[in-house]
């Protein structure tokens, strides 16, 4: 199988441009154009006295260029192409590259430009720090400076959207300025260095320290353990602007760069645009005049250090990672695809076995485990890893169980049914991806392209890969699969033996062995076996000896048999009933239908002869229906994600329904439900069934509701399987004792980790300062221990009453099929004894107060962290979701039978409140981060409750230097006081409004946005979809300062009293 692999049909390489360019023609469903500029220079190219220089340059180019003299000018230029700093324009530095990423809105080449209501944007702003959240590495940290923009950060979108070629031209001109004309102003650079130092301090978590030690062990003699991208603080403090500029000029050269473009444009159009934008390349910056300082690693075979034990006071669990390095094996031939398929099957099979092991673990000693393989361009090798995370109390037992399971797979391989199941799932997943080929996010495509080019491997679309899987899977025999499993797991089973016994073992096995890295708490509990290197090697080697054979499992065709469902439906006789109209909705009547069983069963059950009634909103195309048992259905058909559907079963109440004597009962109860099985099936079997049919099931408890959600592909009966699984969880949840115990143990671990983390500690402490209401606090461990399974079960089932529930569905599905499935699986939903009465009456008289403390307080925490890190949290009560202060919430009938004018008024208050909060957010970032350089990050956010509670909560979070906490608190108060006094301009308003308009415009093209926006539409007091979803853009575009000033008293109380808490590492 050595055939050449196909290339993506719309991929082109442009060779004759000033900068090498790769382009993929793709119509992004959100109307986005994506451009990356890769500079092939990273921390591996730094001298000994330049550690962190590449990362600092990445920051510094945003401070100003020849045509954009300062950071504000850069933000304006980005805004003019519809991009915001951080969310749409970002950068990251790694060992071998620095990459600048940019996404911009543009008109599709296949559609006419559509003028929208917002005026042309003149100036944009930065919503959050452009270096915000960190990706997670193998151990838990990340050595790359790569950042993930927060989900709420969205693009600025000037209107009308310009054509893609104009947008690409401006985007490339901007990147050209970054690449060749950064001016690196001295004063601004000095402040940015302090920001980078703050970033370095915030990154220095226990997970990051573990990752550093791991790299020292695995790559002891190359740049990977000597040139961490974040750099060294002592060197950062010494550098001048001239030092930074020298590095910039030497490394930012045309022949050291690559461009990547994913857009609606053809390759020829992209070539013309690149040629025009990059025609002016400085002559002295074209020749390669510098070589990498350090070389790539090629250390394979025997590990240089068999085992390393790392101890950290902040670690709460024990983790063991076995690692082996292999040569790079990029995807280039059909045989490579075959091997990749086998590796995927192995990973799937092992994951399923380990999940079953975790489920059966009575001591809850196993937190997580998994095998993985990847080709790493940055590390110059392939990396095989197997990792275990275990409780510190029972880590030896967990280690024996998990490594013994790996040894079983190594020794005996997969069973017949197991192999067949994993092959079916792999092909099913590939087919689902192929269905989504036209709606795939351009950001994912450009990321995959970057990786493929760097690894010099084939780059294909999902339909090509799916076809290749169809070609190679029939050629994989079980014996081939099991031979591959033995090969890929040998490094785990061939554990390095203790030194006194390893002479013969080394001769036979050392070339197949992995190195062991263990990370443990500094102090293990009394009576627990300590972890020394020799003892751990003995334990691991004993665990993999003489494994027993695993039992092969079969999969049922249905979890709820058609005959069982037929009897339930026949007995209940469910039907749809009339729905009260809201303003703007119309009634659609259809003839009675017969609910059909799956086609293969050919069974029909006669339902009711009553008319089925749909309530439809023409402005949003949202349909509302109601079942005879009181359950509400809200759905909308979309084509954003082909053949995909999202289903959310919502029950009102959430943690608001917890008794003061049993805090945490709802959240612990729902976790128990999701952790356990359903019906008569184990959690392992339910998970396998969902995977086989392309479904994902999740659940969550929130302050005002609980929900269970399904994501599914509607092809091959996926929609029916999703409703089958949802009914099993909601109506037939097992609430097993072992799942309850495991949920308690998970809570304990999370709680202990929270107390040792500066971010978590500050957030938890601020909640305790501002309110004594247990429903908003992390329950202490002693109260969690007192909870019983029955208490938690009833706390959940009390809310799962049909008349208290709403099913929200968004996606690409057949409406009649959906309505029939809802009727079949939930029309006969039986009420439990504990849910016989509705738990909460959402009728306008139900609003509850939050017990805020009467006097603001301050608190300082010191966390036993070796790093000098600090997180500041400030909070105060504010308006609810509707922009109303508690006293303004009405109890009149108008609230429950609102007119369109009344709906519009509430939604306008909500959007006005959002604008004011965003103005404050932008001002805080400008003053504290940009002008003063006092914090790496600062942001203001609000949580306005919508269903049960009258209030909201305003929170400010910052990461200042510990010695600057008081000054940041003073600036926050002064900024908010200024907002209350009207100290903001029309430009500030515009800068705040633009991201919101963009958020709605982009969101309207996603299932996720509609799913969130439609939740609650069945409630009598909830505004119509027209006001809550579609009216936002028109209203936001017309907001005036006078409207904002009228709302300010409801958002910011006159005394402006903040509760304040700061948590710092001891350093």
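Condition (residue is in a loop (DSSP other than H, G, I, E, B), without any contact (Cβ under 8 Å) to a residue 24 or more places away in the chain, within 18 Å of residue 650 (Cα to Cα) and not assigned by TED's automatic domain parsing to the domain that holds residue 804) applied to segment 1005-1014: is it met by at least one residue? Taking every residue of segment 1005-1014 in turn, none turns out to be in a loop (DSSP other than H, G, I, E, B), without any contact (Cβ under 8 Å) to a residue 24 or more places away in the chain, within 18 Å of residue 650 (Cα to Cα) and not assigned by TED's automatic domain parsing to the domain that holds residue 804.
Within segment 676-732, being on the phi > 0 side of the Ramachandran plot and in contact with a helix residue (DSSP H, G or I) (Cβ under 6 Å, 6 or more places away or on another chain) holds for 679, 694. In segment 191-227, which residues are assigned to a loop (DSSP other than H, G, I, E, B) and closer than 19 Å to residue 314 by Cα? Residues satisfying the conditions are 204, 205.
For segment 349-383, a residue qualifies if it is touching a helix residue (DSSP H, G or I) at 6+ places or on another chain (Cβ under 7 Å), surrounded by fewer than 19 Cβ atoms within 10 Å (Cβ to Cβ) and part of a helix (DSSP H, G or I), and the qualifying residues are 355, 357. Scanning segment 1016-1059 for residues that are in contact with a strand residue (DSSP E or B) (Cβ under 7 Å, 6 or more places away or on another chain), farther than 27 Å from residue 921 by Cα and not in a helix (DSSP H, G or I) returns 1017, 1018, 1024. Within 30 Å of residue 190 (Cα to Cα), at pLDDT below 95 and in contact with a helix residue (DSSP H, G or I) (Cβ under 6 Å, 6 or more places away or on another chain): does that describe residue 330? It is false that residue 330 is within 30 Å of residue 190 (Cα to Cα), at pLDDT below 95 and in contact with a helix residue (DSSP H, G or I) (Cβ under 6 Å, 6 or more places away or on another chain). No other residue among 99, 61 is in a helix (DSSP H, G or I) and in contact (Cβ under 8 Å) with a residue 24 or more places away in the chain apart from 61. Residues in segment 233-242 that are buried (at least 17 other Cβ atoms within 10 Å of the Cβ) and outside any helix (DSSP H, G or I): 239 alone. Selection of segment 10-40 for residues being assigned to a strand (DSSP E or B) and modelled with pLDDT under 90 yields only 32.
Which condition from (1) surrounded by fewer than 19 Cβ atoms within 10 Å (Cβ to Cβ); (2) touching a residue at least 60 places away in the same chain (Cβ under 8 Å); (3) closer than 27 Å to residue 463 by Cα is the one that residue 13 breaks? Going through (1) surrounded by fewer than 19 Cβ atoms within 10 Å (Cβ to Cβ); (2) touching a residue at least 60 places away in the same chain (Cβ under 8 Å); (3) closer than 27 Å to residue 463 by Cα one by one, residue 13 breaks only (2). If only residues of segment 893-910 that are modelled with pLDDT of 75 or more and crowded, with 19+ Cβ neighbours inside 10 Å are counted, the one that is nearest to residue 954 (Cα to Cα) is 910.
For (1) under 19 Å from residue 929 (Cα atoms); (2) part of a helix (DSSP H, G or I); (3) modelled with pLDDT of 90 or more, each residue gets a yes or a no:
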residue	(1), (2), (3)
143	no, no, no
150	yes, no, no
155	no, no, no
158	no, no, no
167	no, yes, yes
170	no, yes, yes
174	no, yes, yes
229	no, no, yes
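The residue of segment 41-55 that is surrounded by the most Cβ atoms within 10 Å (Cβ to Cβ), among those that are in a helix (DSSP H, G or I) and more than 27 Å from the chain's Cα centre (by Cα), is 43.
Residue count for segment 929-967 under the criterion of being part of a helix (DSSP H, G or I) and in contact (Cβ under 8 Å) with a residue 12 or more places away in the chain: the result is 6.
Considering every residue within segment 745-753, establish whether at least one is surrounded by 19 or more Cβ atoms within 10 Å (Cβ to Cβ), part of a helix (DSSP H, G or I), touching a residue at least 60 places away in the same chain (Cβ under 8 Å) and under 24 Å from the mean Cα position of the chain (by Cα). Within segment 745-753, one or more residues are surrounded by 19 or more Cβ atoms within 10 Å (Cβ to Cβ), part of a helix (DSSP H, G or I), touching a residue at least 60 places away in the same chain (Cβ under 8 Å) and under 24 Å from the mean Cα position of the chain (by Cα).
Among residues of segment 211-224 being under 29 Å from the mean Cα position of the chain (by Cα) and within 21 Å of residue 92 (Cβ to Cβ), the one that is surrounded by the fewest Cβ atoms within 10 Å (Cβ to Cβ) is 212. For the subset of segment 734-744 comprising residues that are assigned to a helix (DSSP H, G or I) and touching a helix residue (DSSP H, G or I) at 6+ places or on another chain (Cβ under 7 Å), which member is surrounded by the fewest Cβ atoms within 10 Å (Cβ to Cβ)? Across segment 734-744, the extreme among qualifying residues is 737.
Filtered by the rule that a residue be surrounded by fewer than 20 Cβ atoms within 10 Å (Cβ to Cβ) and touching a strand residue (DSSP E or B) at 6+ places or on another chain (Cβ under 9 Å), segment 975-1005 gives a lone residue, 1002. Checking 630, 664 one by one, the residue that is out of contact with any strand residue (DSSP E or B) (no Cβ under 6 Å at 6 or more places or on another chain), crowded, with 22+ Cβ neighbours inside 10 Å and in contact (Cβ under 8 Å) with a residue 12 or more places away in the chain is 664 and no other.
Of the numbered criteria (1) over 28 Å from residue 78 (Cβ atoms); (2) surrounded by fewer than 21 Cβ atoms within 10 Å (Cβ to Cβ); (3) touching a strand residue (DSSP E or B) at 6+ places or on another chain (Cβ under 8 Å), the one residue 1008 fails is (1).
Restricted to segment 791-884, the set of strands (runs of 3 or more DSSP E) holding at least 2 residues that are under 31 Å from the mean Cα position of the chain (by Cα) and modelled with pLDDT of 90 or more comprises 805-811, 870-878.
Filtering segment 956-966 to residues that are under 22 Å from the mean Cα position of the chain (by Cα) and either at pLDDT below 85 or surrounded by fewer than 21 Cβ atoms within 10 Å (Cβ to Cβ) (or both) leaves only 957.
Please work out if residue 111 is closer than 30 Å to residue 472 by Cα, assigned to a loop (DSSP other than H, G, I, E, B) and modelled with pLDDT under 90. Here the answer is no, as residue 111 does not meet what is asked.
The values are calculated or read from the model by the stated rules, or taken from the named source; none is laboratory data. Just so it is clear, the structure is predicted and the values come from calculations on it, not from any experiment. Glycine also receives a Cβ, built like all others from the backbone with ideal geometry; neighbour counts cover every protein chain displayed.
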